[in-house]
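Visitor: Pasting a structure here, questions to come.
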Amino acid sequence: MADPKHLVRAAVADDASCIVHPKNARSEIWMTRLSDQTGLTRVGVNLGRIAPGKEAFVPHAHLHQEEWVFVVAGRGIALIGEERHPIGPGDFLGYPCDGTVHQLINDGAEDLVVLQGSERVAGDVGLFPTLGAIGIPMPHEGQMAYVEDRHIERIPFTRWIRDQGSDDSRDDED
């Protein structure tokens, strides 16, 4: 009898893709997208393997997408905010949408194996403070748009509201 589509066997879970962050030469995580293989569309669950001396992505935070990590095997460092915390088997990390920057680093001698997941929320924005940029996923185009902080114009909401009878003080520049 064939396995149902709702079940991913360990042998299949070993079929991983190497994911790197193009702006971090130390970034390398071998990842198996478990949830995709079962048809889940609202959450992403992945089995990740980070080799010694490698990192997962770059320090980042999400504005609209919660993320979590469960350490299965190995030891490493979790960067949470500006602090580095040792992690090992059985440790759980949860990242709500509170702006806390995070990253995983394998400073150990063996692979750091994690079960990792997140929501799949349209319109998420990534904050990348070490790059001085924000990232806007564009899944339909198969890319991420990076915008450097220096190119972002921040306009207070108070400039979007005008009281009745007040002068129009908007800039007419285009």
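Visitor: Would you please list the contacts, defined by Cβ atoms under 9 Å and residues six or more apart or on different chains, that run from a residue in region 3-20 that is loosely packed, with under 12 Cβ neighbours inside 10 Å to a residue that is at pLDDT below 80 and of a type in the set (A, V, I, L, M, F, W, C)?
Guide: From residues that are loosely packed, with under 12 Cβ neighbours inside 10 Å, the pairs are Asp3/Val12.
Visitor: Then there is this: Got at least one residue in region 50-67 being loosely packed, with under 13 Cβ neighbours inside 10 Å, aliphatic (A, V, I, L, M) and more than 14 Å from the chain's Cα centre (by Cα)? Write out each step before concluding.
Guide: Taking region 50-67 as the starting set, the residues that turn out to be loosely packed, with under 13 Cβ neighbours inside 10 Å are 53, 64.
With aliphatic (A, V, I, L, M) added as a condition, the list becomes none.
For region 50-67, residues loosely packed, with under 13 Cβ neighbours inside 10 Å, aliphatic (A, V, I, L, M) and more than 14 Å from the chain's Cα centre (by Cα): absent.
Visitor: Please go through region 98-146 and give me each residue that is within 18 Å of Val58 (Cβ to Cβ), of a type outside the set (Gly, Ala, Ser) and not in a strand (DSSP E or B), ordered by number.
Guide: Once the filter is applied, which keeps residues that are within 18 Å of Val58 (Cβ to Cβ), of a type outside the set (Gly, Ala, Ser) and not in a strand (DSSP E or B), region 98-146 yields Thr100, Val101, Asn106, Asp107, Asp124, Val125, Pro129, Thr130, Leu131.
Visitor: On the given criteria, is Pro86 out of contact with any His (no Cβ under 7 Å at 6 or more places or on another chain), in a loop (DSSP other than H, G, I, E, B) and not β-branched (Val, Ile, Thr)?
Guide: no
Visitor: Another question, if that's okay. If I ask for residues that are among the aliphatic types (A, V, I, L, M), part of a strand (DSSP E or B) and in contact (Cβ under 8 Å) with a residue 40 or more places away in the chain, which ones from region 32-80 would you list? Walk me through how you get there before you give the answer.
Guide: Step one: of region 32-80, the residues among the aliphatic types (A, V, I, L, M) are 34, 40, 43, 45, 47, 50-51, 56, 58, 61, 63, 69, 71-73, 77-80.
Then drop every residue that is not part of a strand (DSSP E or B), which leaves 43, 45, 47, 50, 56, 58, 61, 69, 71-73, 77-80.
Selection gives Val43, Val45, Leu47, Ile50, Ala56, Val58, Ala61, Val69, Val71, Val72, Ala73.
Visitor: Continuing with the same structure: Any chance region 125-140 includes a residue that's polar (S, T, N, Q), surrounded by 10 or more Cβ atoms within 10 Å (Cβ to Cβ) and closer than 20 Å to Gly44 by Cα?
Guide: Of all residues in region 125-140, those polar (S, T, N, Q) come to 130.
Those still in the list that are surrounded by 10 or more Cβ atoms within 10 Å (Cβ to Cβ) too: 130.
From the residues that got through so far, the ones that are closer than 20 Å to Gly44 by Cα too are none.
Looking for residues that are polar (S, T, N, Q), surrounded by 10 or more Cβ atoms within 10 Å (Cβ to Cβ) and closer than 20 Å to Gly44 by Cα, one finds none in region 125-140, hence no.
Visitor: I've got another one for you. I'd like the full set of residues that are out of contact with any Phe, Trp or Tyr (no Cβ under 9 Å at 6 or more places or on another chain), assigned to a loop (DSSP other than H, G, I, E, B) and modelled with pLDDT of 90 or more, limited to region 8-31.
Guide: Filtering region 8-31 down to residues out of contact with any Phe, Trp or Tyr (no Cβ under 9 Å at 6 or more places or on another chain) leaves 8-15, 22, 25-26, 28, 30-31.
Of the ones still in play, those that are also assigned to a loop (DSSP other than H, G, I, E, B) are 8-9, 14-15, 22, 25-26, 28.
Of everything in region 8-31, those that are out of contact with any Phe, Trp or Tyr (no Cβ under 9 Å at 6 or more places or on another chain), assigned to a loop (DSSP other than H, G, I, E, B) and modelled with pLDDT of 90 or more turn out to be Pro22, Ala25, Arg26, Glu28.
Visitor: Another question, then. Tally up the residues in region 115-166 that are over 13 Å from the mean Cα position of the chain (by Cα) and of a type in the set (Gly, Ala, Ser), please.
Guide: 8
The values are calculated or read from the model by the stated rules, or taken from the named source; none is laboratory data. Small disclaimer: the values here were computed from a predicted structure and weren't measured. Every residue, glycine among them, receives a Cβ derived from its backbone with ideal geometry; neighbour counts consider all protein chains shown.
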